[in-house]
Amino acid sequence: QAAGSDLTHSPAGNPASTCTEFWRGHTPDGVTPGLALMITDPKAGVMGIFAPPGAMTDAGVGIGSTRQQVVQAYAGYHIEYASPYRITVILVQSGANWLGFALGTDNVVRTVSVGTKPWASGMEVCG
């Protein structure tokens with residue numbers, strides 16, 4: 001943790017990981033939502049960000065929104081679905097970026113992520 005900062009820094013995943021993660025309030029396993037930032041390497045830059053609780057997209061959806069609210073808010077956008085680790089993720093494409101809305105079993109958004117498609121879909125992105 002950097003002096004004067006409330007961000008925690010660690011290598012992501014295993015010690016041989018190619019990624020670095022910074023977070024505040026977010027647990028690396030994604031169980032506790034919070035702000036998280038994943039960097040692949042200094043040349044590639046940021047892979048993605050988990051939004052902190054209370055953050056809303058410009059369409060007005062965030063943690064606590066329902067599946068129906070996400071789909072309605074992004075009608076007209078390219079939408080895909082992913083199911084990593086038996087979790088349904090609604091993926092919304094906006095240019096080169098992707099939004100990922102991970103749903104709980106009750107079809108309510110548990111986490112919101114933005115970044116590359118692999119990051120937003122919840123796939124393991126670090127070696």
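A few points about this structure:
- Inter-residue pairs, beta-carbon under 7 Å, first under 17 Å from Met56 (Cα atoms) and in the range 93-107, second part of a loop (DSSP other than H, G, I, E, B) and open to solvent by less than 20 Å² (accessible area, probe 1.4 Å), 6+ apart: Gly100/Ser121
- Exclusive hit being at pLDDT below 90 and open to solvent by less than 60 Å² (accessible area, probe 1.4 Å), set Gly104, Gly45: Gly45
The rows are residues; the columns are (1) within 15 Å of Val108 (Cα to Cα); (2) of a type in the set (S, T, N, Q); (3) in contact with a helix residue (DSSP H, G or I) (Cβ under 6 Å, 6 or more places away or on another chain); (4) part of a loop (DSSP other than H, G, I, E, B).
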site	(1), (2), (3), (4)
Ile49	no, no, no, no
Pro53	yes, no, no, yes
Gly64	yes, no, no, yes
Gln69	yes, yes, no, no
Gln72	yes, yes, no, no
Ala75	no, no, no, yes
Glu80	no, no, no, no
Gln93	no, yes, no, no
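The values are calculated or read from the model by the stated rules, or taken from the named source; none is laboratory data. All figures in this text were calculated on a predicted structure; none of them were measured in a lab. Methodologically, a virtual Cβ is constructed for each residue, glycine included, from the backbone with ideal geometry; neighbour enumeration extends over all protein chains shown. The area values use the complete protein model at the heavy-atom level, side chains included, leaving out ligands, DNA and RNA. Shrake-Rupley method; radii C 1.70, N 1.55, O 1.52, S 1.80 Å.
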